[in-house]
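Here the structure comes first, spelled out in structure tokens, and everything after it is commentary.
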Amino acid sequence: MPDIDLPARIHAACHLTGEFVLRSGRTATEYFDKYQFEADPRLLDEVAAGMAALVPPDTEVLAGLEMGGIAVVVALARHAGLPCAFVRKAAKPYGTRRLAEGAAVSGRRVLLVEDVVTSGGQLVLSAADLRALGADITDALCVIDREEGGREALAAESITLSALLTRSSFAAL
Ligand SMILES: O=P(O)(O)OC[C@H]1O[C@H](OP(=O)(O)OP(=O)(O)O)[C@H](O)[C@@H]1O
Ligand SMILES: O=C(O)c1cc(=O)[nH]c(=O)[nH]1
């Protein structure tokens, strides 16, 4: 049974107010500190259980983005029963030098998994990286969509964004 308190508990765990510079360079007066719900194993597991219902049925690989997306994708994989890839922002110049660690992505239906989406810029960059490796990407799934253009930026790349929670859904709490 869905937990109606889950959005409130996620919000209580991670919502901060103040002055923040975001990845996109924008400034904001609120910030969702994903590491706070990711650091609580029970809360993270509940987040993952909720996200599992949103995984497209033809998905073959879950690809979590460095760094906050990695904990989410591992938790989600346990519920979805799918293998994970761990997507770096840049490959290391040593070791395997792979940008996407873990499960192979070439020729497979890959779902992008992210924590918080603002402009969608990081997802667009990582989608391009994974497509260059041969991944078939049509969908992305995040925990929180701040509803600041991410959905539209991804749609321009033929990627549909789904979210467990949105900023406007928190407004109703
Ligand atoms: O939609 P965007 O405008 O791209 O912004 C969202 C991105 O920014 C944050 O990552 P951050 O760069 O803070 O990295 P981290 O996960 O490594 O902490 C967040 O985890 C997303 O990856
Ligand atoms: O846009 C971002 O960089 C960003 C926003 C936010 O609320 N939380 C986060 O981790 N990153």
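Taking the conditions exactly as written (more than 11 Å from the chain's Cα centre (by Cα) and without any contact (Cβ under 8 Å) to a residue 40 or more places away in the chain), does residue 54 satisfy them or not? So residue 54 does not fit the description; no. Screening residue 34 with (1) out of contact with any Leu (no Cβ under 9 Å at 6 or more places or on another chain); (2) closer than 14 Å to residue 144 by Cα; (3) away from ligand 1 (no atom under 16 Å from the Cβ); (4) of a type in the set (D, E, K, R) gives one miss only, at (3).
Among the residues of segment 41-74, those identified as in contact with a Cys (Cβ under 8 Å, 6 or more places away or on another chain) and within 16 Å of ligand 2 (Cβ to nearest atom) are 64, 73. Of the residues making up segment 80-97, at least one is aromatic (Phe, Trp, Tyr), surrounded by fewer than 16 Cβ atoms within 10 Å (Cβ to Cβ) and over 16 Å from the mean Cα position of the chain (by Cα).
Look at segment 27-45: where a residue is touching a residue at least 24 places away in the same chain (Cβ under 8 Å) and over 21 Å from residue 17 (Cα atoms), no partner that is away from ligand 1 (no atom under 15 Å from the Cβ) and among the hydroxyl-bearing types (Ser, Thr, Tyr) sits 6+ places away or on another chain with Cβ atoms under 6 Å.
With respect to the conditions (1) open to solvent by less than 60 Å² (accessible area, probe 1.4 Å); (2) farther than 22 Å from residue 166 by Cα; (3) part of a loop (DSSP other than H, G, I, E, B), residue 129 falls short on a single one, namely (3).
Taking segment 30-69 as the range and being surrounded by 14 or more Cβ atoms within 10 Å (Cβ to Cβ), assigned to a loop (DSSP other than H, G, I, E, B) and either at pLDDT below 95 or of a type in the set (A, V, I, L, M) (or both) as the test, the residues that pass are 54, 55, 67. Scan segment 152-162 and give yes if some residue there is under 14 Å from the mean Cα position of the chain (by Cα), of a type in the set (S, T, N, Q), away from ligand 1 (no atom under 14 Å from the Cβ) and outside any loop (DSSP other than H, G, I, E, B), otherwise no. Yes. Among the residues of segment 14-30, which ones are within 17 Å of residue 142 (Cα to Cα) and more than 10 Å from ligand 1 (Cβ to nearest atom)? Within segment 14-30, 14, 15 meet the criteria.
Exactly one residue out of 138, 118 is within 13 Å of ligand 1 (Cβ to nearest atom), in contact (Cβ under 8 Å) with a residue 60 or more places away in the chain and among the β-branched types (Val, Ile, Thr), and it is 118.
The values are calculated or read from the model by the stated rules, or taken from the named source; none is laboratory data. The structure presented is a predicted model; accordingly, all values stated were derived computationally and were not measured. All Cβ positions, glycine included, derive from the backbone under ideal geometry; neighbour counts span all protein chains shown. The area values use the complete protein model at the heavy-atom level, side chains included, leaving out ligands, DNA and RNA. Shrake-Rupley method; radii C 1.70, N 1.55, O 1.52, S 1.80 Å.
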